[in-house]
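This report concerns only the one structure given below.
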Amino acid sequence: MSAPNPSGTQHELALGDVAAVVTEVGGGLRELTVAGRHLVQGFDAAEPRPHYRGSVLAPWPNRVADGRYVEGGVTRQLALTEPDRGNALHGLACWLPWQLLDRTASAVRLGVRVWPQQGWAHVLDLVVGYELTPTGLRWSLSGTNAGTTPAPWGSSVHPYVRAGAGRVDDWELELDADRVLTVDDVRLLPTGLVPVEGTDLDFRRPRSLRGLEVDHAYTGLAATDRATATVWAPEGTGVAVHWSPAEMPWVQVHTADRPDPEDDRVGLAVEPMTCPPDAFSSGTDLVVLAPGETHATSWEIEALSR
């Protein structure tokens, strides 16, 4: 008997020349290609998912400082899943086995229940959906409070997009957001919200990423109905991430700086978020789900060419 893949069952999708692979473990996106071009930095089915590539982030995205927050007068202590920085990182769902709900040749929906555990007192039912489009992928996520008490909620996804050949230093980014959260150098926790004007973090006009280390959350999105982050390669290929700024007023951008040369800056993480880092502590844009209430979000990844 052969050993199972570390990411579980592989759900393969196809629509014309668009293809994707969605995994049982984490309900995440492992591959996305259009006409053979990779739009995301994926990983091999035979390896555990590295660096949260393609993860679903819920019931919080990004970091909870010290894994500690106060809820209804009770201090909760989450497991420190980023131990080197002393934080709880990227929620509770990304290593759970998600069950198949329904599928077609070009779409799939998976579901999972998040149970009470250390630092978390609620029951959540999550559903993630993937639907291929002629130019890429539509990605959706809903969370329903299946318990009897109000539950804090935040969500995002974690694709490392690829504009084309090369790496992050070869590409340029456009993101029309006028404010950014500064962070400390050691734990990457928020220190203040500042204008991007006059800083190296201003991408309101297309700008090269060469030599820039970015791991910051942006807000103040100029779009009113659909926000877009666009990444271009010199050869004229590109990729766009679209989302609703009303649903997700924040977006994390990360240049994937790694000590291992093979992993260093191989893709640009673009993570539209419902709330900023450490929202469980600050309460900023944090959703609180009443018993039986559902919160839903969606994203699109699109192949571009000039």
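Before moving on, here are some points about what is shown:
- Hey, Leu201 under 18 Å from the mean Cα position of the chain (by Cα) and open to solvent by less than 60 Å² (accessible area, probe 1.4 Å) or not: no
- Of all the criteria given as (1) free of Cβ contacts under 8 Å to residues at least 40 places away in the same chain; (2) touching a Cys at 6+ places or on another chain (Cβ under 6 Å), the one not satisfied by Leu89 is (2).
- Members of the range 1-22 that are without any contact (Cβ under 8 Å) to a residue 60 or more places away in the chain, within 20 Å of Ala93 (Cβ to Cβ) and in a strand (DSSP E or B): Gln10, Val21
- Single condition Ala217 does not satisfy, out of (1) closer than 28 Å to Asp84 by Cβ; (2) part of a loop (DSSP other than H, G, I, E, B); (3) within 19 Å of the chain's Cα centre (by Cα); (4) of a type in the set (A, V, I, L, M, F, W, C): (2)
- Within the option set Arg226, Arg207, being free of Cβ contacts under 8 Å to residues at least 40 places away in the same chain, open to solvent by 40 Å² or more (accessible area, probe 1.4 Å), of a type in the set (Lys, Arg) and over 26 Å from Val18 (Cα atoms) holds for one residue only, Arg207.
- Restricting Pro291, Pro259, Pro234 to residues that are over 19 Å from Val180 (Cα atoms), open to solvent by 60 Å² or more (accessible area, probe 1.4 Å) and either aromatic (Phe, Trp, Tyr) or touching a helix residue (DSSP H, G or I) at 6+ places or on another chain (Cβ under 7 Å) (or both) narrows the list to Pro234.
- Thr219 in contact with a Pro (Cβ under 6 Å, 6 or more places away or on another chain) and open to solvent by 10 Å² or more (accessible area, probe 1.4 Å): yes
- Answer from Val22, Val34, Val40, Val64 - the residue that is within 21 Å of Pro272 (Cβ to Cβ), in contact with a His (Cβ under 9 Å, 6 or more places away or on another chain) and either among the aliphatic types (A, V, I, L, M) or modelled with pLDDT of 95 or more (or both): Val22
- Gly147 touching a His at 6+ places or on another chain (Cβ under 7 Å) and part of a loop (DSSP other than H, G, I, E, B): yes
- Extreme residue, nearest to Ala79 (Cα to Cα), among residues of the range 98-127 that are of a type in the set (S, T, N, Q) and open to solvent by 40 Å² or more (accessible area, probe 1.4 Å): Gln118
- Taking every residue in the range 235-253 that is farther than 18 Å from Ala163 by Cβ and among the hydrophobic types (A, V, I, L, M, F, W, C) and pairing it with any residue that is open to solvent by less than 10 Å² (accessible area, probe 1.4 Å) and part of a loop (DSSP other than H, G, I, E, B), at least 6 positions away or on another chain, the pairs with Cβ-Cβ distances below 6 Å are Met248/Thr274; Trp250/Pro276.
- All strands (runs of 3 or more DSSP E) inside the range 35-134 with 2 or more residues being closer than 30 Å to Arg265 by Cβ: 55-57, 63-65, 87-89, 124-133
- Residues (under 29 Å from Tyr69 (Cα atoms) and without any contact (Cβ under 8 Å) to a residue 60 or more places away in the chain) located in the range 147-180: Asp178, Arg179, Val180
- Those residues of the range 131-155 which are within 17 Å of the chain's Cα centre (by Cα) and closer than 26 Å to Pro276 by Cβ, in sequence order: Leu137, Arg138, Trp139, Ser140, Leu141, Ser142, Gly143, Trp153, Gly154, Ser155
- Filtered residue count, the range 37-58, keeping only those that are open to solvent by 60 Å² or more (accessible area, probe 1.4 Å) and farther than 19 Å from Val241 by Cα: 5
- Residue within the range 66-88 that is in contact with a helix residue (DSSP H, G or I) (Cβ under 6 Å, 6 or more places away or on another chain) and either open to solvent by 20 Å² or more (accessible area, probe 1.4 Å) or within 29 Å of Asp185 (Cα to Cα) (or both) present: yes
The values are calculated or read from the model by the stated rules, or taken from the named source; none is laboratory data. Model, not experiment: these values are computed from the prediction. Note that each Cβ is placed from the backbone with ideal geometry, even for glycine, and that neighbours are counted across all protein chains shown. The protein model used for the area step is the full one, side chains on, heavy atoms only, and it has no ligands, DNA or RNA in it. Shrake-Rupley method; radii C 1.70, N 1.55, O 1.52, S 1.80 Å.
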